[in-house]
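A.B. asks: This is the structure I want to talk about, given as structure tokens.
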Amino acid sequence: MAVEIDRSAGHLRLRTHALRVELALATLELTLGVRDGEAPHLSGARPRALIRESTHLASGSISLDVEDEASALGPVTRVLACCDAGADLQLGLSIDTAADWSGVVLQLAVQNGGGRPVDLAELDALFWSDARGELELPGPATAWVASVLPERGEQPGLRRRLGDAPRTAGSVGPGPALELRAPGHAGLSLGFLGALEHAGRIELGHRGAAVRWLRAGRSLGATRLEPGGRLAGERLWLGIDGPADDGLAGWAARCARELGRAAPRPLGVWQVPAGGSPAPLAAALRERDLDLDVLLGERPLDPREPGAADALAGLAAAAHDAALAPAVRTGRIEPAGEHDAATLERAGVALREHGVRHVWIDDIGPAGPVQLEEALRGLRAGLGEGARIAARGGPLLGLLGQLDALSLQLDAAPPPAPGRLRRWLGRASGDEREPLAVACLAGRVLCVDTGPLDLGALDEAALGARLALSALLGGDVVLRGDPSALGPARLELARRALPPRGAPPWRPGGRAALAARLDDGAVLLRTHESLPLGALALAPAANVFDVLGGRCTGTRESMLGPHPDAPLLRLTPARSGPRVVGSTLHLSGGSAEVSRLELRGDALHLSLRLPGPRQGVVSLMHAAATDGSPLPPLHARVAFRDALELIALYDAPSGE
């Protein structure tokens with residue numbers, strides 16, 4: 001189906017399989033809704049340019065072009081509408097859409113057609129207020145939730161239920177992306193698809209549950225636009241999300257395509273303790289036979305500092321002995337100051353001479369997108385082919401497309417008591433700081449991890465919960481501690497997390513839950529509320545397995561109830577025939593370690609994989625073909641070093 005186009009009575013109308021878009025040609029007022037006319041629906045949104053205290057809006061059509069174009073997101077129908085905005089300014093609005101899209105991409109440009117320079121303060125691709133337009137969403141307004149990503153990667157996002165304070169005025173944001181919906185209902189999502197010279201910002205104002213205004217644009221300070229000069233803003237995604245969709249995850253996937261980036265393979269990493277020696281650590285890791293990729297040392301970024309060369313040589317030798325790649329963790333870098341592109345490229349070259357191509361940056365100071373891009377490109381060029389750059393913080397929108405991995409700073413606060421773990425990781429009521437807001441980026445634009453996990457410092461419950469969260473994010477697993485001092489239980493937890501899994505997570509229908517679909521069709525889930533199986537595409541029934549507890553909790557139909565004591569669940573579609581319900585050999589619960597399961601006569605043959613010694617439980621189920629009723633799960637205790645084929649004999653009733 002092609003995009004349907006209709007121009008009449010001063011309006012341009014576009015229709016895709018799911019959307020209807022209308023543009024008033026004289027004012028550039030935008031209306032966006034679903035094709036059948038039901039909510040969600042947004043009308044009266046306009047672009048604008050601000051010069052000091054003066055706001056300039058489109059007030060007369062100059063030109064209109066509609067063309068089929070190629071874009072980073074694929075073939076699109078592109079509308080280019082230009083209008084007069086007063087004071088010799090012209091606004092040009094670009095709208096991209098495609099037949100199979102659920103939204104549009106907006107980009108605003110301003111041109112100075114006068115004879116004097118002007119100082120631009122803001123350039124907004126979209127500004128909406130309830131004074132001129134309408135915003136309709138399905139579901140009760142008191143249940144509307146606004147979720148916004150942070151401006152910096154080390155900060156938490158915000159999740160606010162607007163109706164919790166009926167008479168209170170407030171705002172949500174600013175941030176690079178925002179989602180608005182009643183959980184489990186269709187909603188709206190907005191997000192900038194990268195950064196040019198200034199990072200875009202999205203904000204929402206409200207009084208109680210009533211949304212009063214919505215803005216998506218760039219704050220320019222006082223950027224001078226000379227006569228004849230032109231300035232373009234960032235490209236903005238504006239989409240309508242289905243009841244089971246994750247709007248922020250959809251935005252992140254489009255970011256990856258726009259930027260030409262894909263998340264790399266996640267790594268298993270062991271970090272050398274501060275002041276520790278890498279050689280004995282490498283020897284202990286060899287003895288423990290862990291499935292790792294990288295040995296991470298603590299060294300300054302500049303290898304020219306006294307003693308740095310010897311330390312790097314020692315790290316490289318220890319990593320080689322353990323068959324691992326060497327990597328270094330740096331302090332803070334200042335792209336707008338002493339760490340410009342040339343300086344970082346020289347540092348990268350010096351690191352590469354010692355075999356180092358992986359760098360973890362603790363923090364990145366304030367910098368514009370151009371400075372940040374140039375600095376990180378310089379470092380990547382110095383490190384050479386196979387370079388991998390991770391960071392714990394920095395301007396989030398500018399980092400997209402430049403970083404390979406982002407670490408959450410969950411250790412910024414003291415580890416919580418077990419009863420407070422739910423609140424610490426974010427939940428679904430009130431005004432919540434959400435450390436997991438950037439989970440939408442995981443596995444799409446970059447890897448996201450939970451930061452270094454000290455296997456000897458956290459209590460076992462907290463460690464298990466953090467590793468469960470790591471499994472859901474699917475990013476790097478960074479461990480630290482003395483492997484020779486770890487007891488069997490903690491060492492087994494480390495084994496279960498390695499190798500990392502890598503599937504991108506999503507929030508089902510915008511709920512306060514995190515899920516990840518595995519290669520075998522099962523779903524990993526963390527939730528503290530009831531959840532319909534339809535939101536996970538697992539209806540009508542699913543087998544539920546507590547991955548950390550190592551037990552099958554039964555079969556659920558239609559709705560999954562709360563599991564407050566199980567931080568990681570595996571849900572497997574209930575179907576006829578043999579299947580793996582769950583496993584404790586890996587935190588994927590069966591997807592990473594099971595290579596084959598088949599029925600031969602009256603025996604189930606299960607082939608397992610994963611290197612190194614492991615022990616745990618594999619839970620199998622075989623539903624009878626006659627009436628589909630399941631036999632009780634078979635729990636097989638397993639211990640193996642390299643590979644194992646397990647034969648499970650069923651004492652099945654006659655005819656089954």
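The values are calculated or read from the model by the stated rules, or taken from the named source; none is laboratory data. Quick caveat, the model's predicted, so the values are computed rather than measured. So basically every Cβ, Gly included, is an ideal-geometry build from the backbone, and we count neighbours across all protein chains shown. Areas reflect the complete protein model, heavy atoms only, side chains present, ligands, DNA and RNA absent. Shrake-Rupley method; radii C 1.70, N 1.55, O 1.52, S 1.80 Å.
A.B. asks: So which pairs qualify, if the first residue must be in the stretch 331-356 and free of Cβ contacts under 8 Å to residues at least 40 places away in the same chain and open to solvent by less than 10 Å² (accessible area, probe 1.4 Å), the second must be assigned to a helix (DSSP H, G or I) and among the basic types (Lys, Arg), the Cβ gap must be under 8 Å, and the two must be at least 6 apart or on different chains?
C.D. replies: Gly348/Arg380
A.B. asks: Here's something else I'd like to know. If Gly419 satisfies every condition in (1) on the phi > 0 side of the Ramachandran plot; (2) at pLDDT below 85 but one, which is the exception?
C.D. replies: (1)
A.B. asks: For the condition modelled with pLDDT under 95 and in a strand (DSSP E or B), what is the one hit in Ala121, Ala131, Ala99, Ala87? Before you say what the answer is, go through the steps one by one.
C.D. replies: Details: Ala131 fails: in a strand (DSSP E or B); Ala99 fails: in a strand (DSSP E or B); Ala87 fails: in a strand (DSSP E or B).
Going through Ala121, Ala131, Ala99, Ala87 in turn, the sole match is Ala121.
A.B. asks: Counting just the residues of the stretch 514-544 that are without any contact (Cβ under 8 Å) to a residue 40 or more places away in the chain and part of a loop (DSSP other than H, G, I, E, B), which one comes out least open to solvent (accessible area, probe 1.4 Å)?
C.D. replies: Residue satisfying both the conditions and the ranking: Leu538.
A.B. asks: A further question follows. Farther than 29 Å from Asp291 by Cβ and within 13 Å of the chain's Cα centre (by Cα): is that true of Arg511 in this structure? Outline the logic, then answer.
C.D. replies: Values: farther than 29 Å from Asp291 by Cβ: yes; within 13 Å of the chain's Cα centre (by Cα): no.
No.
A.B. asks: Name the residues in the stretch 267-288 that are touching a helix residue (DSSP H, G or I) at 6+ places or on another chain (Cβ under 9 Å) and either part of a loop (DSSP other than H, G, I, E, B) or closer than 24 Å to His41 by Cα (or both), would you?
C.D. replies: Result: Val272, Pro273, Ser277.
A.B. asks: Kindly establish whether Ala471 is of a type in the set (A, V, I, L, M, F, W, C), in a helix (DSSP H, G or I) and either surrounded by 24 or more Cβ atoms within 10 Å (Cβ to Cβ) or touching a Cys at 6+ places or on another chain (Cβ under 9 Å) (or both).
C.D. replies: Yes; evaluated as a whole, the condition is true for this residue.
A.B. asks: Still on this structure, I have one more. Looking only at the stretch 363-391, count every residue that is buried (at least 21 other Cβ atoms within 10 Å of the Cβ) and in a loop (DSSP other than H, G, I, E, B) and tell me the total.
C.D. replies: Residues flagged as buried (at least 21 other Cβ atoms within 10 Å of the Cβ) and in a loop (DSSP other than H, G, I, E, B) within the stretch 363-391 amount to 1.
A.B. asks: Could you tell me whether any residue of the stretch 135-150 is more than 26 Å from Glu38 (Cβ to Cβ) and crowded, with 19+ Cβ neighbours inside 10 Å?
C.D. replies: Yes, that holds for at least one residue.
A.B. asks: Which members of the stretch 194-208 meet the condition of being at pLDDT 90 or above and open to solvent by 10 Å² or more (accessible area, probe 1.4 Å)?
C.D. replies: Start the filter on the stretch 194-208 by keeping residues that are at pLDDT 90 or above, which leaves 201-207.
Those that are at pLDDT 90 or above and open to solvent by 10 Å² or more (accessible area, probe 1.4 Å): Arg201, Glu203, His206, Arg207.
A.B. asks: Filtering the stretch 480-501 down to residues that are touching a Ser or Thr at 6+ places or on another chain (Cβ under 9 Å) and buried (at least 20 other Cβ atoms within 10 Å of the Cβ), which residue is nearest to Val617 (Cα to Cα)?
C.D. replies: By that ranking, first place goes to Arg496.
A.B. asks: Same structure, new question: Which residue is surrounded by the most Cβ atoms within 10 Å (Cβ to Cβ), if the candidates are limited to the stretch 224-251 and must be among the hydrophobic types (A, V, I, L, M, F, W, C) and closer than 19 Å to Val76 by Cα?
C.D. replies: Start the filter on the stretch 224-251 by keeping residues that are among the hydrophobic types (A, V, I, L, M, F, W, C), which leaves 225, 231-232, 236-238, 240, 244, 248-249, 251.
Among the residues that remain, those that are also closer than 19 Å to Val76 by Cα are: 236-238, 240, 251.
On the way: Leu236: 24, Trp237: 24, Leu238: 22, Ile240: 26, Trp251: 28.
It comes out as Trp251.
A.B. asks: Sort out which residues of the stretch 161-187 are buried (at least 24 other Cβ atoms within 10 Å of the Cβ) and of a type in the set (Lys, Arg), and write them in order of number.
C.D. replies: Arg181
A.B. asks: Could I ask something else about it? If you scan the stretch 392-405, which residues turn out to be in a strand (DSSP E or B) and either open to solvent by 20 Å² or more (accessible area, probe 1.4 Å) or under 16 Å from Gly194 (Cα atoms) (or both)?
C.D. replies: Residues of the stretch 392-405 in a strand (DSSP E or B): 395, 405.
The answer is Pro395, and nothing else.
A.B. asks: Also, quick follow-up: If we keep just the residues of the stretch 585-607 that are over 19 Å from Leu538 (Cβ atoms), assigned to a loop (DSSP other than H, G, I, E, B) and open to solvent by less than 10 Å² (accessible area, probe 1.4 Å), which is modelled with the lowest pLDDT?
C.D. replies: The qualifying residue modelled with the lowest pLDDT is Glu593.
A.B. asks: Name the single residue that is nearest to Pro156 (Cα to Cα) among those in the stretch 441-465 being open to solvent by less than 10 Å² (accessible area, probe 1.4 Å) and in a helix (DSSP H, G or I).
C.D. replies: My answer is Leu441.
A.B. asks: Here's something else I'd like to know. For the stretch 564-577, what are the residues that are surrounded by 18 or more Cβ atoms within 10 Å (Cβ to Cβ) and either free of Cβ contacts under 8 Å to residues at least 40 places away in the same chain or not β-branched (Val, Ile, Thr) (or both)?
C.D. replies: Taking the stretch 564-577 and keeping what is surrounded by 18 or more Cβ atoms within 10 Å (Cβ to Cβ), we get 566-574.
Correct list: Ala566, Pro567, Leu568, Leu569, Arg570, Leu571, Pro573, Ala574.
A.B. asks: Here's another thing I want to ask about it. If you go through the stretch 474-496 one residue at a time, how many are within 21 Å of Ala279 (Cβ to Cβ), part of a helix (DSSP H, G or I) and not small (Gly, Ala, Ser)?
C.D. replies: Here the count works out to 2.
A.B. asks: Let me ask you something else. Assess whether Gly173 counts as being closer than 15 Å to Leu126 by Cβ and at pLDDT below 90.
C.D. replies: It is true that Gly173 is closer than 15 Å to Leu126 by Cβ and at pLDDT below 90.
A.B. asks: From the residues in the stretch 260-278 that are aliphatic (A, V, I, L, M) and surrounded by fewer than 16 Cβ atoms within 10 Å (Cβ to Cβ), which one is nearest to the chain's Cα centre (by Cα)?
C.D. replies: Only one residue fits best here, namely Ala262.
A.B. asks: In this structure, is Leu190 within 20 Å of the chain's Cα centre (by Cα), closer than 22 Å to Leu441 by Cα and open to solvent by less than 50 Å² (accessible area, probe 1.4 Å)? Even if it seems obvious, please write down each step before you answer.
C.D. replies: On the way: within 20 Å of the chain's Cα centre (by Cα): yes; closer than 22 Å to Leu441 by Cα: yes; open to solvent by less than 50 Å² (accessible area, probe 1.4 Å): yes.
Spelling it out, Leu190 is indeed within 20 Å of the chain's Cα centre (by Cα), closer than 22 Å to Leu441 by Cα and open to solvent by less than 50 Å² (accessible area, probe 1.4 Å).
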